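Participant: Supplied in structure tokens, the structure appears directly below.
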Amino acid sequence: MWKIISFLIIILLFAPNMVLARLPNDSYAEQWGYKDAGVYEAWDKAIGSSDVVVAVIDNGFDTFHPDIYPNAWKNTDEIPDNGIDDDKNGYIDDAWGWDFSSRDANHDGILTDAETEGNNDPRPWVINRNNIDDDIHHGTLVAGIIGAVGDNNIAGAGINWKVKLMNLKVLEIAGSGGLSPLTRAIYYAVDNGANVINISLVGDVDTDEKQAVKYAYDKGVVVVAAAGNDRVALNLSPVYPVCADAGEAEDWILGVSAIGKDHYLAPFSNIGSSCIDITAPGMNVSSTMRYAPGYGLNKLYGDNWNG
């Protein structure tokens with residue numbers, strides 16, 4: 001008996017480290033992209049920090065989604081809904097971020113100065129929508145991959161279980177809009193404490209936008225941008241902001257293209273070494289979705305997303 005016990009102890013002492021990866025209790029926490037990117041092994045060492053602020057510049061995410069809300073950034077220097085710019089940053093009541101997109105809020109066919117300036121609700125709007133389409137989920141999908149709360153037994157888990165997600169909306173739900181709101185959003189993110197800026201959209205060149213990316217870089221803020229999904233060669237036909245630093249002596253921005261489970265480039269992904277720095281899983285991705293049951297948006301989480 002003692003020989004058996006001694007033998008087992010020797011095996012345990014000299015066997016390779018076989019500690020199981022740390023996994024949260026969320027039902028949909030496992031997906032191929034996490035496995036291939038080494039996320040499970042990373043969770044053994046760290047699960048994120050609430051001290052890190054990631055600005056999600058997109059078409060808005062669902063701030064009050066049950067799996068996002070605890071990680072949603074809040075401007076604690078602003079008193080909500082008092083009609084006063086308490087922190088003197090130029091935005092009134094921006095407690096939960098800002099909607100920089102121009103929207104005809106009262107549907108009168110006229111854009112007033114106030115509507116052009118934006119508003120303090122950056123969530124994808126669901127009122128007075130004639131149909132439900134996939135685009136409404138885009139920002140919420142991105143936010144969930146970055147930082148859906150982990151180990152709370154709700155839906156899935158973000159790469160960071162703990163983080164602060166700053167909600168900055170620059171496009172309408174259909175993904176349309178100019179680049180001027182994007183420029184303003186980058187400056188807002190930097191000036192209001194973002195450590196990282198994620199931009200999963202592309203457009204034409206804009207000098208002001210390029211200067212905004214450089215501003216973030218000079219302030220030590222990491223800017224990550226998607227390559228785009230148009231199957232074009234960016235060396236020949238650049239898009240922005242991912243190509244904002246093309247030809248510069250320094251790398252201002254981290255450009256990311258997409259691969260599938262087979263580790264081949266996704267068929268829709270743009271290419272181009274002058275703009276793209278790394279690639280990441282971008283097919284059959286699972287994440288949080290815009291949740292509003294009263295308006296037909298009944299799912300907290302979904303899969304088979306590409307981009």
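Participant: Just to be sure, is Ser257 assigned to a loop (DSSP other than H, G, I, E, B), on the phi < 0 side of the Ramachandran plot, hydroxyl-bearing (Ser, Thr, Tyr) and modelled with pLDDT of 95 or more?
Facilitator: Taking the combined requirement at face value, the residue does not satisfy it.
Participant: If you check Asp85 against the conditions, is it open to solvent by less than 40 Å² (accessible area, probe 1.4 Å) and either part of a loop (DSSP other than H, G, I, E, B) or among the charged types (D, E, K, R) (or both)?
Facilitator: So Asp85 fits the description; yes.
Participant: While we're here: If the requirement is being modelled with pLDDT of 95 or more, more than 30 Å from Tyr40 (Cα to Cα) and among the hydrophobic types (A, V, I, L, M, F, W, C), which of these qualifies: Trp161, Trp98, Trp125?
Facilitator: Every option except Trp98 fails the conditions.
Participant: So, one more: What are the pairs with Cβ atoms under 6 angstrom where one residue, in segment 145-161, is at negative phi and the other, located anywhere, is aromatic (Phe, Trp, Tyr)? Sequence gap at least six, or different chains.
Facilitator: Correct list of pairs: Gly150/Trp161; Gly156/Tyr28; Gly156/Tyr301.
Participant: While we're on this one: Suppose the filter is within 16 Å of the chain's Cα centre (by Cα) and open to solvent by less than 10 Å² (accessible area, probe 1.4 Å); does Asn167 pass it?
Facilitator: Yes.
Participant: Restricting to segment 276-289, name every residue that is buried (at least 20 other Cβ atoms within 10 Å of the Cβ) and over 17 Å from the mean Cα position of the chain (by Cα).
Facilitator: Ile276
Participant: Of all residues in segment 235-275, count the ones that are of a type in the set (Ser, Thr, Tyr), more than 16 Å from Asp206 (Cα to Cα) and open to solvent by 60 Å² or more (accessible area, probe 1.4 Å).
Facilitator: 2
Participant: Another question, if that's okay. Please count how many residues of segment 41-72 are surrounded by 21 or more Cβ atoms within 10 Å (Cβ to Cβ), part of a loop (DSSP other than H, G, I, E, B) and hydrophobic (A, V, I, L, M, F, W, C).
Facilitator: 2
Participant: Given the conditions (1) open to solvent by less than 10 Å² (accessible area, probe 1.4 Å); (2) hydrophobic (A, V, I, L, M, F, W, C); (3) part of a loop (DSSP other than H, G, I, E, B); (4) modelled with pLDDT under 95, which single one is not true for Ile136?
Facilitator: Unmet for Ile136, out of (1) open to solvent by less than 10 Å² (accessible area, probe 1.4 Å); (2) hydrophobic (A, V, I, L, M, F, W, C); (3) part of a loop (DSSP other than H, G, I, E, B); (4) modelled with pLDDT under 95: (3).
Participant: Follow-up question, since we're still on this one. Go through segment 142-164 residue by residue and tally those that are open to solvent by 10 Å² or more (accessible area, probe 1.4 Å) and in contact with a helix residue (DSSP H, G or I) (Cβ under 6 Å, 6 or more places away or on another chain).
Facilitator: Going through segment 142-164 one residue at a time, the tally reaches 3.
The values are calculated or read from the model by the stated rules, or taken from the named source; none is laboratory data. Only a predicted model underlies this, so the values are computations on that prediction, with no experimental measurement involved. Heads up, the Cβs are rebuilt from the backbone with ideal geometry, glycines too, and the neighbour counts pull from every protein chain shown. Heads up: the accessible areas ignore ligands, DNA and RNA and are worked out on the full protein's heavy atoms, side chains in. Shrake-Rupley method; radii C 1.70, N 1.55, O 1.52, S 1.80 Å.
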